[in-house]
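*Asks:* Please read through the structure below; I'll follow up with questions.
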Amino acid sequence: MYDVSPGSAPRSGTPSPATPGTSRSLDRGLQVLLCFSEEKREWAVRDLAAQLTIPLASAHRVVASLRDAGFLERTKEGHRYRLGLRCLRLASLVLDGLDLREVAGPIMRRLVDLTGETAVLLVPHRTDAVCILQVEGRSPIRPRSVRIGDRVPYNAGAAPLAIFAFLAREEQERIVHDGLRALTDLTIVDPKALQDRCADIVQKGVAYSRGEAILGTAAVAAPIFDAAEYHVAASVGLTGIEAKIVDMEEAVMRAASEISRQLGAHGTP
């Protein structure tokens, strides 16, 4: 119902025209690298030449230079190329420098613009989830929401549950063993009920709550993953009145997926 995808963006694998004043060899090297995408992970030199409309001999020279520098490597068959480990090292430097709030902020603001409800970003912290960013909604009726710095038990509310459901089993058991704290009469405090709830969240990829953290407030949230395989880094959620929140599942899941993608994740468990 709601779409938080960014506006028009160039398709991966479609090179941009050369910038005046740049080296032709450098420009061609960048164009070759930009041809690689999730849809097209391997290229033959002849196909690259055709894609970029450059002479075959030029394509061979550019590919050889990129291969020698570690940006490309031959496939096992030997006649095609894929991205090399040097690209992975550079990507890891970019990911290490990302700040979760900087990545999530613009996406959360789009989410609020589209839905009118308040968006929150929570991260795991020991026995609680901590709110590190909130974007205030514009809906005429805005129930109370968690604020920046608030700590919420993992078992209380959609955003904490969206994190807890994807924690390692050992971590979940430790948190349950330490005791489940209730914020309202509706907070889940029974371990079996919490286990069943988490199984449902994992299956659907989204969490709902109604009055479990704050009475009179409903919420929907989805997990955010980082570049580490199957590692949940945070959750993004919307809070508001139940009648409106129930229709915002797709928007929240799309926002979480976009944040995860920008953090380097390649899917969810």
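The values are calculated or read from the model by the stated rules, or taken from the named source; none is laboratory data. Since the structure is predicted, the reported quantities are computational estimates derived from the model, not experimental observations. Don't worry about glycine lacking a Cβ; one is built from the backbone with ideal geometry, like all the others, and counts go over all protein chains shown. Surface areas here come from the heavy atoms of the whole protein model, side chains and all, with no ligands, DNA or RNA. Shrake-Rupley method; radii C 1.70, N 1.55, O 1.52, S 1.80 Å.
One line per residue, one yes/no per condition, for (1) hydroxyl-bearing (Ser, Thr, Tyr); (2) open to solvent by 60 Å² or more (accessible area, probe 1.4 Å); (3) in contact (Cβ under 8 Å) with a residue 40 or more places away in the chain:
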position	(1), (2), (3)
28	no, no, no
34	no, yes, no
41	no, yes, yes
47	no, yes, no
52	no, no, no
58	yes, no, no
61	no, yes, no
65	yes, yes, yes
68	no, yes, no
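*Asks:* Kindly indicate whether any position in segment 209-232 is farther than 28 Å from residue 261 by Cα and in contact with a helix residue (DSSP H, G or I) (Cβ under 7 Å, 6 or more places away or on another chain).
*Replies:* For segment 209-232, residues farther than 28 Å from residue 261 by Cα and in contact with a helix residue (DSSP H, G or I) (Cβ under 7 Å, 6 or more places away or on another chain): present.
*Asks:* Name, by its number, the condition in (1) more than 19 Å from residue 139 (Cα to Cα); (2) in contact with a Pro (Cβ under 9 Å, 6 or more places away or on another chain) that does not hold for residue 236.
*Replies:* Only one criterion in (1) more than 19 Å from residue 139 (Cα to Cα); (2) in contact with a Pro (Cβ under 9 Å, 6 or more places away or on another chain) is unmet by residue 236, namely (1).
*Asks:* Okay, next question. Being among the small types (Gly, Ala, Ser) and not in a loop (DSSP other than H, G, I, E, B) is the filter here; which residues of segment 50-71 pass it?
*Replies:* 50, 57, 58, 59, 64, 65
*Asks:* Only residues that are open to solvent by less than 40 Å² (accessible area, probe 1.4 Å) and within 26 Å of the chain's Cα centre (by Cα): list them for segment 168-184, please.
*Replies:* Answer for segment 168-184, where residues must be open to solvent by less than 40 Å² (accessible area, probe 1.4 Å) and within 26 Å of the chain's Cα centre (by Cα): 172, 175.
*Asks:* Consider residue 200 against the criteria (1) modelled with pLDDT under 95; (2) within 27 Å of residue 258 (Cα to Cα); (3) part of a helix (DSSP H, G or I); (4) among the charged types (D, E, K, R): it satisfies all of them except one. Which criterion is unmet?
*Replies:* Evaluating residue 200 over (1) modelled with pLDDT under 95; (2) within 27 Å of residue 258 (Cα to Cα); (3) part of a helix (DSSP H, G or I); (4) among the charged types (D, E, K, R) leaves (1) as the failure.
*Asks:* Restricting the search to segment 144-167, which residues are more than 18 Å from residue 205 (Cβ to Cβ) and either of a type in the set (A, V, I, L, M, F, W, C) or part of a helix (DSSP H, G or I) (or both)?
*Replies:* Of everything in segment 144-167, those that are more than 18 Å from residue 205 (Cβ to Cβ) and either of a type in the set (A, V, I, L, M, F, W, C) or part of a helix (DSSP H, G or I) (or both) turn out to be 146, 148, 152, 156.
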